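Below is one structure, written out as structure tokens; comments come after it.
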Amino acid sequence: MASQSPFFGKRDREPESPVSRPAPLVGSGSNLAGTPLHSSSSLPLGGAAATQAAAAAPAVKEGGSKLTVGPNIKLKGVEITDCDTLVVEGTVEATMDSRVIQISEQGAFKGSADIDIAEIRGVFDGNLTVREKLVIHSTGKVTGKIRYGKIVIEEGGQLSGEITFGASEGKKSAL
């Protein structure tokens, strides 16, 4: 049996007790993608930044619809609706109307987004309307036409383009 594939018979080698496998970290102490906030792949958070991240974490209700575009995935030419949370770890070119968007350090979004809360660690390019809170982390870069209700920019975060306060007013404000 020297030519047996390593993929066959894996069930026979798994431990019989499901307790021996650690559960994934989701909830407090993690971002919406389930990655611990203090892991080596995310930003070191301390002081006010940790408080802001903790305040942004419970923004998504449990059981809501969530779309994750994983690393090395490219999603192009779509319209995303009825999605409570979009997590971008790859590349997305789309139009979006949703509640929350999270762009990881490796993630990029190009297009138009009309949302409640945005947490940007990667790149956003296009039209962005954030009705409630826009958070740009130190590795984040946001360019284009941006409207926001509240904004937090960590040191190192970049914001450029046509920036307007008052997204909650929406298209009504013609001042």
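Descriptive notes on the structure:
- Out of 108, 118, sole residue that is free of Cβ contacts under 8 Å to residues at least 60 places away in the same chain and either acidic (Asp, Glu) or crowded, with 20+ Cβ neighbours inside 10 Å (or both): 118
- If only residues of segment 51-106 that are modelled with pLDDT under 95, in a loop (DSSP other than H, G, I, E, B) and acidic (Asp, Glu) are counted, the one that is nearest to the chain's Cα centre (by Cα) is 84.
- Qualifying residue in segment 69-79 (condition: crowded, with 19+ Cβ neighbours inside 10 Å, in contact (Cβ under 8 Å) with a residue 12 or more places away in the chain and within 23 Å of residue 166 (Cβ to Cβ)): no
- Check on residue 143, hydroxyl-bearing (Ser, Thr, Tyr) and in a loop (DSSP other than H, G, I, E, B): no
- Selection of segment 83-105 for residues being in contact with an Asp or Glu (Cβ under 6 Å, 6 or more places away or on another chain), surrounded by fewer than 21 Cβ atoms within 10 Å (Cβ to Cβ) and either among the aliphatic types (A, V, I, L, M) or over 14 Å from residue 144 (Cβ atoms) (or both) yields 97, 99.
- Residue under evaluation residue 156, criteria (1) assigned to a loop (DSSP other than H, G, I, E, B); (2) touching a residue at least 40 places away in the same chain (Cβ under 8 Å), criterion not met: (2)
- Selection within segment 141-165: residues that are within 19 Å of the chain's Cα centre (by Cα) and small (Gly, Ala, Ser). The member of this set that is nearest to residue 129 (Cα to Cα) is 149.
The values are calculated or read from the model by the stated rules, or taken from the named source; none is laboratory data. Just so we're clear, the structure is a prediction, and the values are computed from it rather than from any experiment. Every residue, glycine among them, receives a Cβ derived from its backbone with ideal geometry; neighbour counts consider all protein chains shown.
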